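Trainee: Take a look at the following structure, please.
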Amino acid sequence: MERHPDLANAGDCALVVIDPQEKLVRMIHNREEVVAAISRLLRFASIFRLPVILTEHYPQGLGHTVDEIKESLPSYRPLVKRIFSCFGVPEFSEAVKKNDRKRLLVCGIETHICVCQTVLDALHRGYQVQVVADATGTRKPGDHAMALERMRRAGATVTTSEALIYEVTYRADGDEFKQVLDLVK
C-alpha cells in the first residue's frame, strides 16, 4: 500500500541521539520524561534494527551519556563533538551516509541548540527529519517550544515517541507488535 511520504518506515530511518550527558541531563526540564522517551526509542530501534548514532558534546566537561540511556544502547560508541551541529563533525556525516537512510529520527538535548542546528543542517542536506518532541529537552520550556516551532517551519516533522513507534510498527500483529506493546504500556 502506498503511504504518505511523511510517514516513517523501518527501512528508511536512522535514530540520532544527541548529547544525553550527565551534566546536561541534570539541568533539563522534565528530565525523567525525556530520558525515559529516549530509552524507549532506543529499545524500539533495537526491535526494528534501526541504525543508531549517538553523540556526546565535550564529554571531558559535560560527562558521558547517562546510565539509563547507555543501558538501552545496542553498543556504546559515541561520536564526540565540540561543534553544536552534529554535521560539523565529519564522522557524523559519514555515519549518516554509511547507513544509507533518508530519514533521521532525532532526539536528545538541548532542543534549541544542538538538536535544532543538527535538524536544520539535515534538512539542508536533503534528509527528511522527524523530531521527537517528548524525547528532546532544554533547561527552559520556552526555548523547547520555540525550537520545535522553528524546526517545524523549516520542514521537519514534529512528533511524539508513541506516535512514531506506532507509525513505524504499521501493523497490529506479529512479534514486533507484541514487543512494541511492552514499550508503550
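The values are calculated or read from the model by the stated rules, or taken from the named source; none is laboratory data. No experiment lies behind these values; they were computed from the predicted model shown. Heads up, the Cβs are rebuilt from the backbone with ideal geometry, glycines too, and the neighbour counts pull from every protein chain shown.
Trainee: Please enumerate the residues belonging to the range 62-114 that are within 19 Å of Gln21 (Cα to Cα), polar (S, T, N, Q) and surrounded by 14 or more Cβ atoms within 10 Å (Cβ to Cβ).
Mentor: Thr65, Ser72, Ser85, Thr111
Trainee: Name every residue in the range 24-61 that is free of Cβ contacts under 8 Å to residues at least 60 places away in the same chain, more than 14 Å from the chain's Cα centre (by Cα) and surrounded by 22 or more Cβ atoms within 10 Å (Cβ to Cβ), in order of residue number.
Mentor: Result: His57, single match.
Trainee: Another question, then. With a cut-off of at least 2 residues that are at pLDDT below 95, farther than 19 Å from Thr159 by Cβ and hydrophobic (A, V, I, L, M, F, W, C), name the strands (runs of 3 or more DSSP E) lying wholly within the range 1-81.
Mentor: Here the list is empty.
Trainee: Please indicate, with yes or no, whether at least one residue in the range 88-99 is within 12 Å of the chain's Cα centre (by Cα), modelled with pLDDT of 95 or more and of a type outside the set (D, E, K, R).
Mentor: No, the range 88-99 contains no residue that is within 12 Å of the chain's Cα centre (by Cα), modelled with pLDDT of 95 or more and of a type outside the set (D, E, K, R).
Trainee: Show the residue pairs that are 6+ apart or on different chains and have beta-carbon atoms under 6 Å apart, the first residue being within the range 66-79 and over 15 Å from Leu15 (Cβ atoms), the second being in a helix (DSSP H, G or I) and not acidic (Asp, Glu).
Mentor: Note: pairs meeting the criteria are Val66/Val25; Glu68/Val35; Glu68/Ser39.
Trainee: Which one is surrounded by the most Cβ atoms within 10 Å (Cβ to Cβ), of the residues in the range 115-163 that are in a strand (DSSP E or B) and not β-branched (Val, Ile, Thr)?
Mentor: Residue satisfying both the conditions and the ranking: Ala135.
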